[in-house]
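Here the structure is laid out as structure tokens; the discussion comes afterwards.
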Amino acid sequence: MKSELRNRPILLVEDNPMDVDLTLRAFKRGHLVNPIEVARDGEEALAWIPRWEAGELLPLVILLDINLPRLDGLEVLRQLREHPVSQALPVVVMTSSSEDRDIQAAYRLHANSYIIKPVDFDKFMEVAQQIELYWCLLNEQPR
């Protein structure tokens, strides 16, 4: 089962090029073997739903920023939870917002986790490695 999980991608939904680069560097430094797919706005993220319905590999986890252009991350989360193909996918909100209303809204929409992005490079790398450790290696997914 674990070898099958290594083939499943991680979907990073992030519009900030520097945060995309930092996340990719952190995963590379941690020797993450899962492929990383990047959606740069909310509409691009939701465009994956028909692809998954058509049989493309579901992501192991979705890392979702909530401050996105075109369609914000909370709306993306709401729509992901409405579709049968994506409603059980783990979604980790990883954002700069520490606003209580955003945290509460994310959990009301069934986010699996809410992480405030550290601004310090080393702390960011540590968070990314912890995400990898938990969601890619330790967490058990339904079959």
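Considering region 1-33, and only residues there that are surrounded by fewer than 19 Cβ atoms within 10 Å (Cβ to Cβ) and not in a helix (DSSP H, G or I), the residue that is modelled with the highest pLDDT turns out to be D15. Summed over region 98-125, the residues that are at pLDDT below 95, of a type in the set (A, V, I, L, M, F, W, C) and not in a helix (DSSP H, G or I) give a count of 3. All conditions but one from (1) within 20 Å of P9 (Cα to Cα); (2) in contact with a Leu (Cβ under 7 Å, 6 or more places away or on another chain); (3) not in a loop (DSSP other than H, G, I, E, B); (4) not small (G, A, S) apply to L58; the one that does not is (3).
The values are calculated or read from the model by the stated rules, or taken from the named source; none is laboratory data. Here the structure is a predicted model, which is why all the values come from computation and not from measurement. Cβ sites come from the backbone with ideal geometry, for glycine too, and all protein chains shown count toward neighbours.
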